[in-house]
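S.K.: Take this structure, written in structure tokens, and hold onto it; I'll ask about it next.
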Amino acid sequence: MIQVEGLVKRFTSNGSIVEALGGLDFEVPDNQFLAVVGPSGCGKSTLLMIIAGLTSPTAGRVFIDGKQITGPHTELGIVFQNHVLLDWLTTLENVLFQTDMRRLPRSVYEPRARDLLRMVSLEGFENRRPYELSGGMKQRASICRALLHDPPLLLMDEPFGALDALTRDQLCIDLEKIWLKGRKTVIFVTHSVAEAVQLADRVIVMTPRPGRIYRDLTIDLPRPRYSESLGKPEYQALVDQIKRYFMEQGVLHV
């Protein structure tokens, strides 16, 4: 589905040039769950914004379904670290906000919105406003909003980064259930190695800035990967292997 060719991104900051991405080449096939891990500042979020067409690369190209991305790409869903819910709307109205932006018939999409909320255990909270929801509930609602129009591609930029450990664990379980049901193509940016191994079919390990691909690792673990499977040696071996990659780069120190 996605082809990234020679991707470079440079910014100008206080008169100096900062190279965020130092040349990326990779492909993502249909229905793959790809996780991208790397140290802060290595260009992970910038990569997502370029794929979405919200930021232009300095050099290189991105193709989605064979078409080069030269501006905002609408056939996708994006989930940010912050839920970005609108305070004056209810949970259901926030999910359905996509219909207003895309000029879609709200009556057609409301049953899907309610089904998505049910899948993430938000049934009964449809009429609550964001200030009445916990952080995890807000992020569940933002995932439902991104999925409302049934996009083939989902971009997720550290969606669980601001949450406590138990809530993150639950949202990982919820996200895998949703993905197993629809098998969308996902690019999931995270700082958590354990989270990446739990969720992904494949993990790209980035170098410090300028971000390049240091390793590209297949995660061949059976699904679903709920708590009973996460204590197995195969899972821990993959987590340890990725952490060793960061030690080799000097990102982690013993």
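The values are calculated or read from the model by the stated rules, or taken from the named source; none is laboratory data. Since the model is a prediction, treat every value here as computed from it, not as a measurement. Please note: Cβ atoms are built from the backbone with ideal geometry, for glycine as well, and neighbour counts cover all protein chains shown.
S.K.: Across region 201-220, what is the number of residues that are touching a Phe, Trp or Tyr at 6+ places or on another chain (Cβ under 8 Å) and either surrounded by fewer than 16 Cβ atoms within 10 Å (Cβ to Cβ) or closer than 29 Å to T58 by Cα (or both)? So that I can check it myself, show each step before the final result.
M.R.: Within region 201-220, the first condition is being touching a Phe, Trp or Tyr at 6+ places or on another chain (Cβ under 8 Å), and the residues that meet it are 201-202, 204-207, 213-216.
Then drop every residue that is not either surrounded by fewer than 16 Cβ atoms within 10 Å (Cβ to Cβ) or closer than 29 Å to T58 by Cα (or both), which leaves 202, 204-207, 213-216.
Within region 201-220, residues that are touching a Phe, Trp or Tyr at 6+ places or on another chain (Cβ under 8 Å) and either surrounded by fewer than 16 Cβ atoms within 10 Å (Cβ to Cβ) or closer than 29 Å to T58 by Cα (or both) number 9.
S.K.: Out of (1) surrounded by fewer than 17 Cβ atoms within 10 Å (Cβ to Cβ); (2) part of a loop (DSSP other than H, G, I, E, B); (3) among the hydrophobic types (A, V, I, L, M, F, W, C); (4) modelled with pLDDT under 95, the odd one out for C42 is which?
M.R.: So C42 meets the others, but not (1).
S.K.: Could you tell me whether V251 is closer than 23 Å to D169 by Cβ, buried (at least 17 other Cβ atoms within 10 Å of the Cβ) and β-branched (V, I, T)?
M.R.: So V251 fails the test.
S.K.: Name the helices (runs of 4 or more DSSP H) wholly inside region 136-254 in which the number of residues that are charged (D, E, K, R), in contact with a strand residue (DSSP E or B) (Cβ under 9 Å, 6 or more places away or on another chain) and touching a residue at least 40 places away in the same chain (Cβ under 8 Å) is 1 or more.
M.R.: Counting at least 1 such residues, we get 165-182, 193-199.
S.K.: When residues of region 121-131 are filtered for being hydroxyl-bearing (S, T, Y) and not in a loop (DSSP other than H, G, I, E, B), how many remain?
M.R.: The qualifying residues number 1.
S.K.: Sticking with this one: When the residues of region 151-171 are narrowed to those that are buried (at least 20 other Cβ atoms within 10 Å of the Cβ) and in contact with a Leu (Cβ under 6 Å, 6 or more places away or on another chain), which ends up farthest from I2 (Cα to Cα)?
M.R.: F160
S.K.: Residue check: is E93 among the acidic types (D, E), outside the structural domain of V193 (by TED's automatic domain parsing) and surrounded by 16 or more Cβ atoms within 10 Å (Cβ to Cβ)?
M.R.: yes
S.K.: Okay, next question. Take S107 and decide whether it is under 21 Å from the mean Cα position of the chain (by Cα) and either in a helix (DSSP H, G or I) or free of Cβ contacts under 8 Å to residues at least 12 places away in the same chain (or both).
M.R.: Here the answer is no, as S107 does not meet what is asked.
S.K.: What is the one condition in (1) on the phi < 0 side of the Ramachandran plot; (2) surrounded by fewer than 19 Cβ atoms within 10 Å (Cβ to Cβ) that A113 does not satisfy?
M.R.: Result: A113 passes all but (2).
S.K.: R118 fails exactly one of the following numbered conditions: (1) part of a helix (DSSP H, G or I); (2) closer than 22 Å to N82 by Cβ; (3) not aromatic (F, W, Y). What is the number of that condition?
M.R.: (2)
S.K.: Among the residues of region 121-148, count how many are closer than 27 Å to N31 by Cβ and over 17 Å from the mean Cα position of the chain (by Cα).
M.R.: Here is the first cut: in region 121-148, the ones closer than 27 Å to N31 by Cβ are 121-122, 136, 139-148.
Subsequent filtering for residues that are over 17 Å from the mean Cα position of the chain (by Cα) retains 121-122.
Qualifying residue count for the region: 2.
S.K.: What about E126, is it in contact (Cβ under 8 Å) with a residue 24 or more places away in the chain and acidic (D, E)?
M.R.: yes
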